[in-house]
Amino acid sequence: MKVTAVLLGAGDRGARAYGPYAMNNPHELQFVAVAEPNEERRTSFMEDHHIPESKAFLDWKEVLSQPKMAEVIVICTMDRQHYEPTLRALELGYHVLLEKPMSPNPQECIEMELAARKHDRLLTIGHVLRYTSYWSSIKRIMNEGKIGQIVSIQLNENVGHMHMSHSFVRGNWSNSNKTSPMILQKSCHDMDVLSWLMNQRCMRISSYGSLMHFNAANAPEGAPERCLDGCPAEMSCPYHAARYYLGDGKGWARKFTLDTTREGILEALRTTPYGRCVYHCDNNVVDHQVVSMEFEDGATATFSMSGFTHNMTRTIQIMGTKGEIRGDMADQSYTVYDFLTKEEATFKVNPGTFGHGGGDEGIVRQFLKEVREYAGGESLTSAAASVRSHLMAFAAEESRLQQGKAIQIDEYYRSFIPEGAV
């Protein structure tokens, strides 16, 4: 059965992560309306999905002021524009696929969870890593008991130095006052994976981190506001915009311009935030952070995020009482070591062709299945599951801002529950 959908926000995630599923599987999913303030993006999505002018809107409020026009809504607006459209969509009876993070406000996250329960609708959060072959395979090995009881997990997120400069220094998620803290925006994926793999509540958490490098104090002498304005450090700076976006980073340029010719990219670097010097931006999110966690049965986990790596990957070490798992997502492989037999087994998974190791496709496919078969209940990455891992991220940021003070998660959670809520 084909499911009809409305997209709110036709940016990179909406148009390029979730939109292609409908183009590749028109028998399963059809977008019938779109809301996007950027005319170029809105028109492009309309053309790709054959949406008429009458169903194209500039603002999500225009969509949600009308009677329900599809079965589901996919919400890919900016972080601080998730709360209101989600509540209204649930009230109107839509099932909702919401891009992560839910909201940069803990109380709003909890209220969205409660609203989904109240209106008996699916609210699935875009934690796409759970839907990848890679993480699903590791989870299966753990569930089979092959490494015994989990004692500790070490998870590293290698953001990549150019991804860091693109998204979190120059780009949309550079300033937590406008979007979300780094630990929530980028690393709520990791908090979610750790919560899922441990399969128990995180009880307390502490964290350290800072914006150590990407600030004015580290600007080369004479560096202008924009890289194209004659920077004397052009050949010695690894973050020079023109050299990157016209070279190895040309694929990233399509995230801020639809004209990816040399002239189009140069024009975008003159007029968009992506041409700014990384040392003269309005960014305030951390460029490195570490988090320590203790779980219900005494197991521990550590997480490290760094923007100063040559590649973009996640590496993991899972230590159990009977064995150990070590893996690198970039290689799509992991090794299981058995303490008793001394045997090592290496598993190589097929990531598929979609983004996030196949997770972008996987989450849409599973969401549609759950919509078709819906009779109550929760999805794999429901708001109920996501709120717990979101609170881990919020608590980690709270700890970081208090010089590493340990935060008790249950107490922290209770402080945000609306009065009278179940």
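Each reported figure results from applying straightforward, stated rules to the coordinates on display, with no laboratory input. Just so it is clear, the model here is predicted, and its values are computed rather than measured. Cβ: placed from backbone, ideal geometry, glycine included. Neighbour counts: every protein chain shown.
For the peptides 367-379, 205-217, what is the packing order when you average, over each peptide's residues, the other Cβ atoms within 10 Å and list the highest mean first?
Descending packing order for the listed peptides: 205-217, 367-379.
Quick one: of 186/255; 68/100; 55/178; 55/250; 118/369, which pairs are farther than 26 Å apart, Cα to Cα?
55/178; 55/250
How would the range 190-347 be classified by its alpha-carbon gyration tensor: rounded, prolate or oblate, with rounded meaning a/c under 1.5 and the a/b versus b/c comparison settling the rest?
Cα axes put the range 190-347 in the prolate bin.
Only Lys, Arg, Asp and Glu count, each charged at its Cβ (+1, +1, -1, -1), so figure out the dipole size of the chain about its Cα centre, rounded to 20 debye.
340 debye
Most mobile of 105, 284, 350 per a Gaussian network model of the chain (Cα springs, under 10 Å)?
Residue with maximal mean-square fluctuation among 105, 284, 350: 350.
Evaluate the distance, in nm, between pseudo-label points positioned 7 Å from the Cα of residue 154 and of residue 302 along their respective Cα→Cβ axes.
0.6 nm
If each residue of separation counts as 0.36 nm, what is the full-extension length gain between residue 411 and residue 2 once their alpha-carbon separation is subtracted?
Extra length from residue 411 to residue 2 when fully extended: 142.9 nm.
Along its principal axes, what span do the Cα atoms of the chain show, with the longest given first and each in whole Å?
Its Cα atoms span 61, 57, 45 Å along the three principal axes.
Using a cut-off of 11 Å between beta-carbons, work out the net charge of the residues near residue 167 (Lys and Arg +1, Asp and Glu -1, residue 167 not included).
Taking every Cβ under 11 Å from that of residue 167, the sum is +2.
Using alpha-carbon positions, what is the distance between the centroids of the range 265-320 and the range 94-134, in Å?
Taking the Cα centre of each part, the range 265-320 and the range 94-134 sit 23 Å apart.
Mind checking which lysines have their Cα closer than 20 Å to the Cα of residue 322? Skip sequence neighbours fewer than 8 apart in that chain.
By straight Cα distance, residue 322 reaches 139, 146, 342.
Need one number: nm distance between label points at residue 373 and residue 175, each 7 Å from Cα along Cα→Cβ, rounded to one decimal.
The answer from the label model is 4.6 nm.
Residues of the range 9-32 with backbone nitrogen within less than 18 Å of a virtual label 7 Å along the Cα-to-Cβ line of residue 255, please, listed as ranges.
Residues passing the 18 Å test: 9-20.
For the range 231-275, report the % of Cα-Cα distances exceeding 12 Å.
Working: 543 of 990 pairs.
Roughly 55 percent, rounded to a whole number.
Quick check on the chain: of the DSSP beta bridges with both residues there, what percent are antiparallel, nearest 5%?
60 percent
I need the shape label for the range 201-287. Rule: rounded when a/c is under 1.5, else prolate if a/b > b/c, else oblate, with a, b, c from the alpha carbon gyration tensor.
Note, shape of the range 201-287 comes out oblate.
Determine the gain in length on full extension of the stretch residue 28-residue 120; use 0.36 nm per residue of separation and subtract their C-alpha separation, reporting nm with one decimal.
Separation in residues times 0.36 nm, less the Cα-Cα distance, equals 30.8 nm.
Mean separation of Cα pairs under 8 Å and 6+ residues apart, divided by the residue count of the chain: what relative contact order is that in percent?
After rounding, I find 22 percent.
What full-extension length gain, to one decimal in nm, is calculated for residue 59 and residue 199 as 0.36 nm per residue of separation minus the Cα-Cα distance?
On the way: separation 140, 0.36 × 140 = 50.40 nm, distance 3.90 nm.
Gain on extension, residue 59 to residue 199, equals 46.5 nm.
Could you sort 171-184, 336-349 so that the peptide with the highest average Cβ count within 10 Å comes first and the rest follow in order? If you can, show how the numbers build up before the last one.
Details: 171-184: 21.6, 336-349: 13.1.
Top to bottom by mean Cβ count within 10 Å: 171-184, 336-349.
From the phi of every residue in the range 336-341, what ³J(HN,Hα) in whole Hz does the Karplus formula 6.51 cos²θ - 1.76 cosθ + 1.60 yield, where θ is phi - 60° and glycine or proline is x?
Result, rounded to whole Hz: 10, 10, 9, 5, 6, 8.
If the elastic network links every pair of Cα atoms under 10 Å, which of 140, 314, 41 fluctuates the most in the Gaussian network model of the chain?
The residue with the greatest mean-square fluctuation here is 140.
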